[in-house]
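Here the structure comes first, spelled out in structure tokens, and everything after it is commentary.
Each value in this text was obtained by applying a stated rule to the coordinates, not by laboratory testing. Just so it is clear, the model here is predicted, and its values are computed rather than measured. So basically every Cβ, Gly included, is an ideal-geometry build from the backbone, and we count neighbours across all protein chains shown.
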Amino acid sequence: MRWVVATFNVKHCTMAGKDTQVDLDATAAACAELRADILGLQELDNGCGRSGRVDQSAMLAGHLKCQMMPAFGHTGTNADGSVFTFDNALLSRFPIEGEMRLLDGKSEPRSCFVGQTGGLSVVTTHLSTDKDVSRAQFLQALSFAMDLPSPRVLLGDLNRTKCEISAAISAAGFASAGWMPTFPRRFSYRKIDHVLYQDDLHVSRRQVRRFPVSDHRALAVEIETKSLLP
């Protein structure tokens with residue numbers, strides 16, 4: 001099989017450089033341009049006043065005509081006292097089976113989606129910006145991926161650089177689909193958004209895309225089973 005797998009931190013669907021200008025249509029258009037079969041999204045609002053109290057994960061899935069599985073990130077409180085969540089989500093052109101699992105880190109709770117879609121085992125997440133916390137969270141997410149049937153991918157905004165994860169992924173038998181800078185959007189130099197893969201997979205194409213939305217660039221890769229190679 002062959003899949004286009006992508007990850008994109010959409011910063012609650014705001015326009016680049018304009019933190020208060022939410023544009024769900026522009027975000028959906030950017031995601032559509034990736035032409036991803038499987039797409040991990042981070043920093044989505046659900047019930048937040050700043051973005052109209054909508055479920056951005058569900059609305060983007062509707063725009064893209066994809067299946068969607070959310071994963072709670074952490075909570076906040078609106079001015080009226082109502083609670084909203086910052087979510088991650090997995091969108092897929094295929095049916096999705098799986099569950100949300102909480103990650104360690106009491107000061108900044110995070111989670112990941114763990115499951116299967118389109119013949120791939122997938123873990124997608126958004127890790128803490130605290131280096132000590134994200135280290136433990138990354139190892140936990142990696143162990144979730146290793147427990148799934150092959151072929152496997154782990155993707156998302158890991159807030160971890162190449163030097164911070166390369167030893168761990170090598171020991172687990174994973175590889176990176178490309179150490180490519182994705183943050184900040186305008187002059188990217190940090191390689192913190194990743195697609196990691198294991199087992200009988202080959203990366204045939206990779207690209208980083210800059211869109212009019214978010215403070216990150218999107219990372220998309222084409223992955224295929226090695227049995228398809230000539």
Treating cross-link reach as a plain straight distance, find the aspartates and glutamates whose alpha-carbon is under 15 Å from the alpha-carbon of LYS162, omitting any fewer than eight places away in the same chain. ASP193
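Can you give the Kirkwood hydrodynamic radius for the chain, in Å, rounded to one decimal and based on Cα pairs?
17.4
Loop only per DSSP, at most 12 neighbouring Cβ atoms within 10 Å: give me the trypsin sites (Lys or Arg not before Pro) in segment 145-208, ordered by residue number. Numbers along the way, then the final one.
Details: sites: ARG152, ARG160, LYS162, ARG185, ARG186, ARG190, LYS191, ARG205, ARG206; in loops: ARG160, ARG185, ARG186, LYS191.
Answer in residue order: ARG186.
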Suppose every K and R has +1 on its Cβ and every D and E has -1 on its Cβ; what is the size of the dipole of segment 2-228 about the Cα centre, in Debye to the nearest 20? 720
Going from the fewest other Cβ atoms within 10 Å to the most, one would list SER121, SER170 as SER170, SER121
Computed over segment 107-230, Kirkwood Rh from alpha-carbon pairs, angstrom: 14.9
Which lysines have a Cα lying under 28 Å from the Cα of LYS65, excluding residues fewer than 8 positions away in the same chain? LYS11, LYS18
Provide THR77, THR124, THR225 in ascending order of the number of other Cβ atoms located within 10 Å of each residue's Cβ, fewest first. THR77, THR225, THR124
What aspartates and glutamates could a cross-link reach from LYS226, if we take a straight Cα to Cα line under 12 Å and drop same-chain neighbours fewer than 8 places away? ASP199, ASP200
Those chymotrypsin sites (Phe, Trp or Tyr not before Pro) in segment 124-190 that DSSP places in a loop and that have at most 13 other beta carbons within 10 Å: TRP179, PHE187, TYR189
To one decimal place, what Kirkwood hydrodynamic radius in Å is obtained for segment 80-132 from all pairs of distinct Cα atoms? 12.8
Under the rule rounded for a/c under 1.5, else prolate if a/b exceeds b/c, else oblate, using alpha carbon gyration tensor axes a ≥ b ≥ c, segment 168-230 is classed as oblate
